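Worksheet: the structure to be examined is printed underneath.
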Amino acid sequence: MPQIIPIKELKNTAEISELCHKTDEPVYITKNGYGDMVIMSIETYENTMQHIKMYHELALSELQVKEGKVKDAKESLAAMKEKYGL
């Protein structure tokens, strides 16, 4: 369940840091009752960015398959073996 806190609680930086490190999710910050910001630990941020990169690469791969930009696996492996002397 997401953590939601009002912006005035950002004064308690040590507590906010601890909260961010306890959860694997972002912490949502509200201002005047409305969503304003999101904060998270560096670990959560890096993990999120890795997932985004992976999903982007999968989407790109699917697009390449749809466009017919594919190579035969056996031919590709044979070319790699020849190129690298394997």
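Observations
Yes/no per residue for (1) at pLDDT 95 or above; (2) hydroxyl-bearing (Ser, Thr, Tyr); (3) on the phi > 0 side of the Ramachandran plot:
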| residue | (1), (2), (3) |
| --- | --- |
| LYS31 | yes, no, no |
| VAL38 | yes, no, no |
| GLN64 | no, no, no |
| GLY68 | no, no, yes |
| GLU75 | no, no, no |
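- Single residue of MET80, MET37 found to be surrounded by 10 or more Cβ atoms within 10 Å (Cβ to Cβ) and part of a helix (DSSP H, G or I): MET80
- Selection status of LEU58, surrounded by 10 or more Cβ atoms within 10 Å (Cβ to Cβ), over 18 Å from the mean Cα position of the chain (by Cα), in a helix (DSSP H, G or I) and not polar (S, T, N, Q): no
- Breaking point among (1) in a helix (DSSP H, G or I); (2) touching a strand residue (DSSP E or B) at 6+ places or on another chain (Cβ under 7 Å), for HIS21: (2)
- Restricting the first member to the range 30-57 and to residues that are over 22 Å from GLU15 (Cα atoms), and the second to residues that are surrounded by 13 or more Cβ atoms within 10 Å (Cβ to Cβ), the beta-carbon pairs closer than 9 Å and six or more apart or on different chains are THR48/PRO26; THR48/MET40.
The values are calculated or read from the model by the stated rules, or taken from the named source; none is laboratory data. Predicted model, so just to flag it, every value in this text is computed and none were measured. Note that we place each Cβ from the backbone using ideal geometry, even for glycine, and neighbour counts take in every protein chain shown.
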